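Asks: Got a structure for you, written out below as structure tokens; questions coming shortly.
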Amino acid sequence: MASTSSNEAATEESVRAEVHDWLADHWNSDISLHEWRGLIADSGWGCPTWPIEFYGRGLSPDLSNVVADEFRKAGAVGPAIGVGMALAAPTLLAHAPADLKRRLLREIITGENTWCQLFSEPGNGSDLAGLTTRAWRDGDEWIVNGQKVWTTGAHHAAYGMLLARTDWDIPKHQGITFFAFPMEQAEIEVRPLQQMNYRSSFNEVFIAEARVPHNNIVGEVNGGWKVALTTLAHERNLSAGAFGGIPFGGKGKAAQEAISEAAAYMKTYDWYPQRAGRPDLVPLQAKEAGLNTDPIIRQELAKLYSLQRTSQWNVQRARAARKMGRPPGPEGSLSKLCASNIARASNDAHSHVAGAHGMLTGPDSPASGTVAEVLISTPAASIAGGTDQIQRNIIGERVLGLPKEPQIDADLPFRDVRTNK
Ligand SMILES: Cc1cc2nc3c(=O)[nH]c(=O)nc-3n(C[C@H](O)[C@H](O)[C@H](O)COP(=O)(O)OP(=O)(O)OC[C@H]3O[C@@H](n4cnc5c(N)ncnc54)[C@H](O)[C@@H]3O)c2cc1C
């Protein structure tokens, strides 16, 4: 594990020199991805902002950019990308006991274990705290029963971030526990769902008496809601477009393995650019259709451009807050809402430019079928990671200081709450 000098004393020059020397000693283009990722995990250079005792170097985000810069210059590969790094790791770092962090974080960095998010249920998406998947204790383990849905990537995940109800006699937000849930069990059935764009990126997950060790609890028993809020705050930023990094470098064995690994992983997400509306294609398509001088279309292009610019500024504002060490806050809801607005405006503009042809697929259709996929994929942008209405509620309450949404069941024992089950 890392044995860096005190990170408080670290400066741009000292970090640059230290990581440069370390890379000169350790990076070589014949090393395997597995071996290399083990080295960056154990040295702390793979995730330099993480604490020294948990595979990091305790550096500030600014100094971590210096590390990334040196990795880039050396053509060296970084940690694995995906839900593990983007959602599970920050949640574990914030709430898990030390033993769990040590056990799980390393395999997230190396990419040996990928993760999924077992939050939503058939009857509980926006009202997540109403979830009814249950877990009860059996010695050193918990037994879990229930059904999850919309679970992206569950078909290849080694672990799930599972929310389960562990106490039915206290109010709904208080009786939930967050588990790091091993997915490779015969008692868990993952069934892919087919989407209207013919992709299959999310699943139904049926859990029938599956088991999870007691020491896989993240946070406290019945304290899972607080933990879930951390995951959701990171997810809002993710939905707004910050999906991990691309592995650095392109030469050598580890780099090639990382590129193949990322390509295989990203298959689940390869329709996400279409879900975001492909605003980049709108001016090109307008020009191709001879509509770039049409006053109505020009107005739509200007609207789309201004939405994108304001969204970029909002993302920059969120990044600046992170740099100052502030945790993700309600600005994530603004970013997410901006992303939905862009997707919708882009969908409108594509529809007006392509007209009825926008429904066609195949080589002769607009952008070889990409426009058709945009038109049926953008609705997901305003649902995934919390719907637009829920983001507006968050902004209303936490940014504008409006009164909280009336809740009739928040104080009742969950057993007495009326559900659709
Ligand atoms: C592409 C995609 C990937 C996803 N991946 C995952 C995943 O990996 N893991 C996971 O756990 N979930 C995942 N989800 C699920 C997602 O989080 C839920 O779909 C979302 O939270 C909405 O829940 P719901 O579908 O149950 O809709 P509902 O909650 O039933 O909402 C229905 C409608 O009612 C509105 N509504 C509900 N409550 C309120 C309210 N209080 N005020 C105003 N309006 C309200 C909603 O805005 C919506 O328009 C994914 C969804 C999508 C589209």
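Asks: For the stretch 113-239, what does the equivalent ellipsoid look like in terms of its semi-axes, each the square root of 5 times an eigenvalue of the Cα gyration tensor, given largest first in whole Å?
Replies: 22, 17, 13
Asks: Also, quick follow-up: Just the projected area, averaged over all directions, of the convex hull on the alpha carbon atoms of the chain: how many nm²?
Replies: 23.0
Asks: Follow-up. Using a Gaussian network model on the chain with a 10 Å cutoff between Cα atoms, which of E331, E397, E235 fluctuates the most?
Replies: The residue that fluctuates most here is E397.
Asks: Quick one: if you stick a label point 7 Å off each Cα along the C-beta vector at T310 and I259, how many nm between them?
Replies: 4.0
Asks: How long is the stretch 272-344 along each principal axis, judged by its Cα atoms, biggest number first, in Å?
Replies: Here the Cα extents, ordered largest to smallest, are 49, 22, 16 Å.
Asks: Relative contact order for the chain: what is it in percent, counting Cα pairs under 8 Å that are at least 6 residues apart?
Replies: Computed over the chain, the figure is 16 percent.
Asks: Express the Stokes-Einstein translational diffusion coefficient of the stretch 57-162 in µm² s⁻¹, to the nearest whole number, given a Kirkwood radius over alpha-carbon pairs, 37 °C and a viscosity of 0.692 mPa s.
Replies: My calculation gives 204 µm²/s for D.
Asks: A further question on this structure: Would you list which aspartates and glutamates come within 13 Å of K253, measuring only between C-alpha atoms, while excluding same-chain residues fewer than 8 positions from it?
Replies: Answer for K253, where 13 Å is the Cα cut-off: D30, E35, E261, listed by chain and number.
Asks: OK, next. Roughly speaking, what is the stretch gain from A410 to D364, that is 0.36 nm per residue apart minus the C-alpha to C-alpha distance, in nm to one decimal?
Replies: Taking 0.36 nm per residue and subtracting the Cα distance, the gain is 11.1 nm.
Asks: Using 0.36 nm per residue of separation minus the Cα-Cα distance, give me the extension gain between Q185 and K287 in nm, one decimal.
Replies: Residue separation times 0.36 nm, minus the Cα-Cα distance, leaves 31.4 nm.
Asks: Still on this structure, I have one more. Using only alpha carbon pairs under 8 Å that are at least six residues apart, calculate the relative contact order of the stretch 109-196 and give it in whole percent.
Replies: 29
Asks: Right, here's the next one. Quick one: compute a quarter of the convex hull surface over the Cα atoms of the stretch 257-302 and quote it in nm².
Replies: 4.3
Asks: Expressed in nm to one decimal, what extension gain is obtained for the pair L400 and A208 from 0.36 nm per residue of sequence separation less their Cα-Cα distance?
Replies: The L400-A208 span can extend by a further 64.8 nm.
Asks: Of the candidates G130, G78, G139, which one comes out as most mobile in a Gaussian network treatment of the chain with C-alpha springs shorter than 10 Å?
Replies: So, out of G130, G78, G139, the one fluctuating most is G139.
Asks: Take F119, F181 and order them by how many other Cβ atoms sit within 10 Å, fewest up front.
Replies: F119, F181
Read the figures in this text as sums done on the coordinates, not as results from a lab. Here the structure is a predicted model, which is why all the values come from computation and not from measurement. Reconstructed Cβ throughout: ideal geometry from the backbone, glycine too, with neighbour counts over all protein chains shown.
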